[in-house]
1. Using DSSP to call loops (not H, G, I, E or B), can you name the trypsin sites (Lys or Arg not before Pro) in the range 255-363 whose Cβ has at most 14 other Cβ atoms within 10 angstrom?
2. Report the semi-axes of the equivalent ellipsoid for the range 40-89 in whole Å, largest first, where each axis is √(5λ) for an eigenvalue λ of the Cα gyration tensor.
3. Just list whichever of 370/404; 247/407; 292/418; 344/447; 52/271; 132/303 have alpha carbons separated by over 32 Å in the model shown.
4. Determine ³J(HN,Hα), in whole Hz, for all residues of the range 175-189 in sequence, where each value follows from phi through the Karplus function 6.51 cos²θ - 1.76 cosθ + 1.60 and θ = phi - 60°; x replaces Gly and Pro.
5. Work through the residues other than residue 105 whose Cβ is under 12 Å from its Cβ and net out their charges, Lys, Arg +1 and Asp, Glu -1.
6. I'd like the accessible area for residue 75, computed on protein heavy atoms only with a 1.4 Å probe and all protein chains in place. Round to 10 Å², please.
7. Quick query: amide H of residue 66 versus all other amide H atoms, modeled in the peptide plane; which residues come in under 5 Å with a sequence gap of 5 or more or a different chain?
8. Excluding ligands, DNA and RNA, what is the solvent-accessible area per residue of the chain at a probe of 1.4 Å, expressed in Å²?
Amino acid sequence: MKNIYTFLFLYITVISCSSVINENTELPNVIIILADDLGYADVGFNGSKDIKTPHIDDIAKNGVVFSEGYVSYPVCGPSRAGLITGRYQDTFGFGKNPLFTPKDPNMGLPLSEQTIADMLKLSNYKTFAVGKWHLGAHESLRPMKRGFDEFFGFLTGGHRYFPYEWDLEDETKVKSQNGAYRTKLLRNEQRIEEKEYLTDALSRESVNFIERNANNPFFIYLAYNAPHGPLQATEKYLNRFLEIESKNRRTYAAMVSAMDDGIGTIISKLKEKGIYDNTIVYFLSDNGGRLKGDSDNGELRGKKGNLFEGGVRVPFVMQWPGQIKGGQTFDKPVSSLDIFATSKAITSPEITPKNKLHGVNLIPFLKGEKKHSPHSNLFWRNNFMQNKNELRTEASAVRSEKFKFIKNKQVDALYNLKKEISEQTNLKDQEKEMYDSLKNEYKRWSKTLMDPIFLGLLANDQYNKLNPDRFKY
Ligand code: CA
């Protein structure tokens, strides 16, 4: 009799444990792959003729192209702050590109904010940040304090690509803003020796992480710095583009190609481990191309740093082969802010986020269950200085399903983006009601924002004057 009870007890234990395991294994893995300064037209799926991106194009083929996919800011740091919190970054004062100031706890993502990694940790995800961080170099703001179990990369807004140039042991050896591009890489909190071309190293580490974590749900935030400057590539990739005459364009193409190869190795590893169908992969850029003889935004007006489409509309695709039909083009406006909201809805529907999210769960739209536009409006505020004595002036933009209101140094305009992607014909007078309405929406929204809480990249000199001990250890 005793044996029967023991058997029943063991049986029930095994059943209940296995149901827990099943529940966990059903949670999809999430991988966000972020390119840096990649032009809208610099991927095959958006029509690039000279840069071949077969692996990124495969994501498009097996998933969804967001032809009107936006980021929340036209430069690196604030765009990343929006993506990683799922919130308009000006809501919490992240309205500037941070300087590299490892001694300053206020230069970066405020601790009041919950990251997507913090949220996924609540559902027992293993989390990994790879590549460029740019959300704060102070020890309290680094990836492993912001929800990541592991980190491999660098803290500032860019990095040189060849290991022989990483001649500064750590942050205490950095003596200028640009010096941070030369530090040794970090693995978790340790500086390491690395031998590979940076893009290849970031891909390798992502593949290794998948190899080690295929049996539990994981989240990878892979922030390549390619093809952000400096323009540097190895012969292996340069040799693929010998027909491109412009040296800048050729090097840029090679940098994109290295990233594309890396993405191929990641997708192959997912297949090898049998987790391809239940892994969500996003690929997007943090802002538009900078157009300095290298990148190409196609028909879009503007570039990195401004609120024309070329600054904020980016190459953007996602796949979830087990759940979302491939080969789709989704042509309503979506935002990088939606990635947090979508991930939360899928992985942690019962968890209330710490702060109000500004994105939308895209899955019902991609499954055809909802037909309307996910956002009634998307908003942008660009904070810049026209001269060194000025703290902040702003450019503004609002996108509805069809129209865009934009006010910046060049224009005060309304465009119909469904009719004209290139923002040329100002409909401000013809469509006065729409213009007024979007302008009022902007006013209402901007009341929810804060002024930037730290001095940005362009105020490097002012910061140094105010903080003479910045680089002293
Ligand atoms: Ca960028």
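1. Here the trypsin sites (Lys or Arg not before Pro) that fit, given the DSSP loop and packing criteria, are 292, 325, 354, 356.
2. Over the Cα atoms of the range 40-89, the semi-axes work out to 25, 13, 9 Å.
3. 247/407
4. Per-residue couplings from phi come out as 10, 7, 3, 6, x, 5, 5, 10, 6, 5, 6, 9, 10, 6, 10 Hz.
5. +1
6. 30
7. 316, 317, 318, 330
8. Dividing the accessible area of the chain by its residue count gives 42 Å².
The values are calculated or read from the model by the stated rules, or taken from the named source; none is laboratory data. Note that this is a predicted model, so its numbers are computed, not measured. As a convention, Cβ positions derive from the backbone with ideal geometry for all residues, glycine included, and neighbour counts pool all protein chains shown. For accessibility, only protein heavy atoms count, side chains too; no ligands or nucleic acids. Shrake-Rupley method; radii C 1.70, N 1.55, O 1.52, S 1.80 Å.
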